[in-house]
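See structure below.
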Amino acid sequence: MIIHLDPTAFCCEAQVRKRLEVLERGLRRASDGGMKLGDYAAWLKASGVVVPSRQTLRADLERYVQRCDDLVYGDRQKSLTLDVHARRDAIRYFLGEPWLASPLKPKLSSSVCRCFLLAMHFQEEVEFQYAALPQPGLAPTFKIHRGVPLRTLPGSDSGYMAIWLEQGLVMPINLTRVRGRVAFTGRDIGHYRPPPVDPEVILSVRSGNPQSLERCANQFDGNLEGGRELRFPMPASLALMTADLLEAWWRRTSATPRQTERTIELPDGTVTIDVQPKEQ
């Protein structure tokens, strides 16, 4: 997916970009998460792309690996494999560069995130194993979900994504709870029921501290108006989750306890939530 997010960084030539797109789609579809040079050549041929020399194929792999932290190439078998435990690129994409220096690194998988982003770009169905919320005293439980990624929601300490399910529902997921690899199913999604209309709402954040508001705007890409208020346009289904993330950010970055007021504009009215320190 790096090809579409940053197309001019390392594959500005049209033919190189076309080849690497085939490579990326093939690799992210591979069930075992690996490939050899011959597989790459076969994918190019099947896609109607001219197959270059083996030296050029190797150069393509080396070029792609240099830009993706979850790829390993050049072992004894000269194969390219995915590392689901790599997370630097995912943290950088969802949370920003400063999080890479933090000792509290979320367990985001770059491989998982790239597969979701690729599926979102091409509107294709994926299958993934998802962990339920942990329950005290109970062993972790997992469920297989299928759906089409719709949009991302960068979080304060995690990454979130909305998944369009077959029955028409939209399910927000926490990418840190995805287990293992994400697999493309190859199924047609023409029979998917349309997702419900999700009206846009405005989530507002007000504070008397202009510096904190500016930091929050930079962190969450909000619109700062008049130096006193941040406004976040978003789908209504993501308003409550975003309010949780914003509240956590303000509490974590505040030097002293403060009163936190949450104002959420929803289609059926305004919701205001006050959070105040407990009196001793």
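The lone criterion from (1) under 21 Å from Met234 (Cβ atoms); (2) out of contact with any strand residue (DSSP E or B) (no Cβ under 9 Å at 6 or more places or on another chain); (3) assigned to a helix (DSSP H, G or I) left unmet by Leu117 is number (2). Just one of the listed residues (Thr270, Thr263, Thr185) is of a type outside the set (D, E, K, R) and at pLDDT 80 or above, and it is Thr185.
So for the stretch 41-49 (the condition being touching a helix residue (DSSP H, G or I) at 6+ places or on another chain (Cβ under 7 Å) and at pLDDT below 85), does at least one residue qualify?
The answer is no; no qualifying residue exists.
Among the residues of the stretch 208-249, those identified as of a type in the set (Gly, Ala, Ser) and either buried (at least 16 other Cβ atoms within 10 Å of the Cβ) or at positive phi (or both) are Ser212, Ala217, Gly222, Gly226, Gly227, Ala236, Ser237, Ala239, Ala243. Residues of the stretch 62-101 that are charged (D, E, K, R) and either within 20 Å of the chain's Cα centre (by Cα) or part of a helix (DSSP H, G or I) (or both): Glu62, Arg63, Arg67, Asp69, Asp70, Asp83, Arg87, Arg88, Asp89, Arg92, Glu97. Among the criteria (1) crowded, with 16+ Cβ neighbours inside 10 Å; (2) of a type outside the set (Val, Ile, Thr); (3) assigned to a helix (DSSP H, G or I); (4) at pLDDT below 75, the one His4 does not fulfil is (1). The set of residues in the stretch 131-158 being farther than 18 Å from Ala90 by Cα and either modelled with pLDDT of 90 or more or in a strand (DSSP E or B) (or both) consists of Ala131, Phe142, Lys143, Ile144, His145, Arg146, Gly147, Val148. Which one of these is over 26 Å from Leu27 (Cα atoms), among the hydrophobic types (A, V, I, L, M, F, W, C) and assigned to a loop (DSSP other than H, G, I, E, B): Leu104, Leu108? The unique qualifying residue is Leu104.
Scanning the stretch 226-256 for residues that are assigned to a strand (DSSP E or B) and within 28 Å of Leu150 (Cβ to Cβ) returns Leu230, Arg231, Phe232, Pro233, Met234, Pro235.
The values are calculated or read from the model by the stated rules, or taken from the named source; none is laboratory data. Because the structure is predicted, anything quoted here is derived from the model rather than measured. Note that each Cβ is placed from the backbone with ideal geometry, even for glycine, and that neighbours are counted across all protein chains shown.
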